[in-house]
Every structure is written in C-alpha cells, then in structure tokens.
Amino acid sequence: MGRKVHPIAYRLGYTKRWLSTWYADRDYTSLLAEDFEIRKIVRKFLDNPPGRRDQRRGGRRRGFGAGVSRIEIERQVSQLRVIIHTARPGIVIGRGGSNREEIQRLLELHTKKRTVVDVQEIGQPELDAFLVARNVAEQLERRVSFRRAMKVTAERSMRAGALGVKVMVSGRLGGREMARTEFELSGTVPLQTLDADIDYGFTEARTAQGRIGVKAWIHRRDTLSDTADMLAGRVGRTGMGGGRRAPRGN
C-alpha cells in the first residue's frame with residue numbers, strides 16, 4: 001500500500017500557511033464547523049453570481065463560477081475576515097461592490113459577527129493547481145477528450161513558467177464501463193522535497209457517466225534555492241564550512 005501525504009499539509013509551517021488562522025480552546029469544534037459553512041456559502045453564491053444569465057435558457061447558468069481558488073479565514077475577538085483568492089475579481093466584487101456586500105451580509109447573518117470580505121486577484125491562473133484542475137474538469141463536462149484536456153492544460157502551465165506539472169484523472173474515462181486512472185506529467189514534480197513549492201488541487205467533473213476526479217500538482221519554484229546558494233557562498237567566504245578554526249584560548 002502506498003502511503004500518500006497531502007503535499008500542502010506536508011509543508012505547513014515551512015513553506016505553506018494555514019487556510020484558517022485563529023486559536024480557540026473550548027469552541028474549537030464549533031468554529032471549525034463554521035469555517036466549512038463559510039466556505040460553502042461563499043462558493044455556492046459565487047457559482048451562480050447575480051446578473052449572470054444564460055442567454056439560451058433564460059436562467060442562471062450552472063457552474064459559471066468566479067475562478068475562486070481558495071478562501072482564507074482570519075478570526076479576531078469580534079470580527080471575522082474572509083480573504084477570497086480568485087482569478088476573476090470583477091465577478092466576485094460585482095457592479096459597485098454589490099456581490100461583495102451581499103457575501104458580507106450572508107456571512108454576518110450566519111456567524112452573527114462583523115465580517116470583512118477582501119478579494120485578492122490571482123495573477124497567473126495557469127500556476128494555481130485548483131484552477132488548473134477545475135479547467136480540466138470543465139473540459140471533461142463539455143465532453144472534450146481527457147487526454148487532450150490534460151495535455152493542453154499541462155502545456156499551458158509549463159509555458160506560464162512552471163517547473164513541472166502533473167494532472168491525474170480517475171473514473172469512467174471516455175464513457176467506459178470500467179473506471180481507470182490516467183495522468184499527464186511534464187517537467188519535474190518532487191513531492192518529497194520540502195524546498196519545492198508544490199501546489200495541489202482537487203475537484204470533480206460531473207459527467208453523464210458519473211463523477212470523474214481530477215487532481216493537479218504544480219511545481220512552481222524552489223522557494224529556498226536562492227537562500228541556500230547565498231548561504232553557501234557566505235559560508236565559503238567566511239571559512240565556516242571546513243575552513244581552519246580560530247585557536248581557542250586557554
């Protein structure tokens with residue numbers, strides 16, 4: 001049996017930070033459940049934001065989305081701060097900030113606390129693992145060939161500057177009766193190297209044959225390589241690494 005470790009949990013406190021930043025003694029379980037509900041409310045609202053109508057059906061278009069990658073939550077004594085990382089900040093904010101104000105109102109009704117919603121733009125969606133996996137899932141829902149979807153998406157991420165990309169799909173691929181797993185790998189994705197900035201994302205594609213799981217790993221950069229080179233050069237100049245030691249006094 002393989003012992004799989006979550007790439008982000010493996011690096012928490014080292015090169016990755018927590019999605020929820022707060023501390024609690026007695027109310028930990030209730031606050032944790034509230035965090036899940038907060039993310040559920042935000043994603044449900046942004047899946048079909050107001051004002052986006054499907055011209056063909058005359059109703060809201062399911063799954064339009066706002067390119068939301070992750071939602072960070074910070075708690076203070078009497079205030080809640082929700083940070084939405086998205087590739088489409090205009091949709092999240094809305095016309096005149098209407099969507100943002102509506103999200104704040106919904107969260108305040110649910111949590112009974114003053115809520116502040118901040119929106120941060122993702123400059124390169126091709127280097128965000130969740131958005132890459134969501135892109136592949138949307139292509140599968142449009143009945144695009146899974147091999148073509150994985151290959152084109154991986155090439156796009158490599159052109160954007162990734163050092164390595166791995167995309168994996170699992171399920172009834174191509175409508176076959178037996179489920180299987182296929183993947184596309186480009187570049188290098190060192191999952192066991194802590195210095196490597198590995199982003200990981202998972203989502204599901206809802207097809208007529210059932211759900212297909214999509215995972216994506218993106219090796220964006222080596223976070224400590226420059227620092228290590230600098231320290232190595234400094235050690236070489238000062239003689240701390242294998243040089244002659246200064247004589248000790250009696």
Practice prompt. State, to one decimal in nm, how far the label point of residue 152 lies from the label point of residue 3, with both points 7 Å from Cα in the Cβ direction.
Written response: 4.1 nm
Worksheet item: Going toward the positive end of the dipole of the range 70-214, with +1 on Lys and Arg Cβ and -1 on Asp and Glu Cβ, which of 161, 110, 185 do you reach last?
Response: 110
Item to complete: Place a +1 charge on the Cβ of each Lys and Arg in the range 129-227 and a -1 charge on the Cβ of each Asp and Glu, then give the dipole magnitude about the Cα centre in debye, rounded to the nearest 20.
Response: 600 debye
Practice prompt. Work out how much length residue 144 to residue 10 would gain on full extension: take 0.36 nm times their residue separation and subtract the Cα-Cα distance, in nm to one decimal.
Written response: 44.9 nm
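Suppose we keep just the DSSP beta bridges with both residues in the range 9-121; what percent of those would be antiparallel, to 5?
Around 40 percent of the beta bridges assigned by DSSP in the range 9-121 are antiparallel ones.
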Worksheet item: In whole angstrom, how far apart do the alpha carbon centroids of the range 1-32 and the range 184-220 sit?
Response: 19 Å
Item to complete: Give me the number: length gained by fully extending residue 120 to residue 40, i.e. 0.36 nm times residue separation minus the C-alpha to C-alpha distance, one decimal in nm.
Response: 26.9 nm
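What is the order of 10, 28, 200, fewest Cβ neighbours within 10 Å to most?
Details: 10 15, 28 11, 200 20.
Least to most surrounded, the residues fall as 28, 10, 200.
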Discussion item. What do you get for trypsin sites (Lys or Arg not before Pro) in the range 165-223 restricted to DSSP loop and a cutoff of at most 12 other Cβ within 10 Å of the site's Cβ?
Written reply: 176
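Only the coordinates and a few stated rules stand behind these numbers; no lab work does. Source: prediction; values computed, not measured. No Cβ is skipped: glycine too gets one built from the backbone with ideal geometry, and neighbour counts run over all protein chains shown.
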